[in-house]
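Notes follow the structure.
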Amino acid sequence: MAFLEPLDKNLHPELAADFAIFEEILGFVPNSLLTMQRRPEIVKGFGVLTKAVMSPNGEVDLGFKRLLAHFASRAAGCQYCEAHSLVAAKIHGISDEKLEAIWEYQTSELYTEGERVALDYALAAGSVPNAVDQPLMERMKQHWTEDQIVEILGAICLYGFLNRWNDSMATELEDVPTSVGEKLLSQGGWDGKRHK
């Protein structure tokens, strides 16, 4: 049960454009933002950050950024964001086959070596304490430019905010991400609850 109930998405008409950003990303306005709108400025600020981090003008694929978000959320233990990020990954072009192989990313031929190291980086950066070390950064530099690494870390950090928000609010998971989680994540122990 959520600690604070989501408010109606029409409560603050001035947030319509901000909510539209997330409808494009996920296909719906997430409960996290509907709770967050108690302070409309936070929704607006988060929308600006999201647009900057998830810009289609970046060098890192938008769908892959959502996979990075998934792995960072997995490291943080935020099951809400684990499921949400996979919904967004599919909407932004990650194939069903690649999503179904998410638990085998280290060995699946659907993932490149560059993607594997970036997903390892997301797990390390999403951990507490942070587990990014020099050898991992050297592996990253073999596959990604410095600009791309900044973009990758931006996606990881964006979800770091969401991980803490949603676990601290015990945000209730919506139907679509629940279905995705049950299909793709339950084999790894995901049950859609607040903590693993």
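Some observations on this one:
- Test: residue in the stretch 15-24 that is surrounded by fewer than 18 Cβ atoms within 10 Å (Cβ to Cβ), within 15 Å of the chain's Cα centre (by Cα) and within 22 Å of Lys90 (Cβ to Cβ): yes
- Residues satisfying the stated conditions in the stretch 174-196, i.e. more than 19 Å from Phe46 (Cβ to Cβ) and not in a helix (DSSP H, G or I): Leu185, Gly189, Trp190, Asp191, Gly192, Lys193, Arg194, His195, Lys196
- Some residue of the stretch 146-160 being part of a loop (DSSP other than H, G, I, E, B) and in contact with an Asp or Glu (Cβ under 8 Å, 6 or more places away or on another chain): no
Each row is one residue, and each column tells you yes or no for (1) surrounded by fewer than 18 Cβ atoms within 10 Å (Cβ to Cβ); (2) among the aliphatic types (A, V, I, L, M); (3) within 23 Å of Leu33 (Cβ to Cβ); (4) modelled with pLDDT under 95.
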| site | (1), (2), (3), (4) |
| --- | --- |
| Leu62 | no, yes, yes, no |
| Leu86 | no, yes, yes, no |
| Leu99 | no, yes, no, no |
| Gln106 | yes, no, no, no |
| Leu119 | no, yes, no, no |
| Pro129 | yes, no, no, no |
| Asp133 | yes, no, no, no |
| Lys141 | yes, no, no, no |
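- Matching entry among Gly189, Gly181 (being under 30 Å from Met1 (Cα atoms), of a type in the set (Gly, Ala, Ser) and surrounded by 17 or more Cβ atoms within 10 Å (Cβ to Cβ)): Gly181
- Looking at Glu115, Glu82, just one residue is among the acidic types (Asp, Glu), surrounded by 14 or more Cβ atoms within 10 Å (Cβ to Cβ) and within 20 Å of Arg194 (Cα to Cα), and that residue is Glu82.
- Close pairs (9 angstrom Cβ cut-off, 6 or more residues apart or separate chains): under 19 Å from Ala89 (Cβ atoms) in the stretch 41-64, in a helix (DSSP H, G or I) and among the polar types (S, T, N, Q) anywhere: Gly58/Gln148; Glu59/Gln148; Val60/Gln148
- Count of residues meeting criterion [free of Cβ contacts under 8 Å to residues at least 40 places away in the same chain and either under 20 Å from Asp147 (Cβ atoms) or outside the structural domain of Leu86 (by TED's automatic domain parsing) (or both)] in the stretch 103-115: 3
The values are calculated or read from the model by the stated rules, or taken from the named source; none is laboratory data. Quick caveat: nothing in here was measured; it's all calculated off a predicted structure. Quick reminder, even Gly has a Cβ in these numbers, built from the backbone with ideal geometry, and neighbours come from all protein chains shown.
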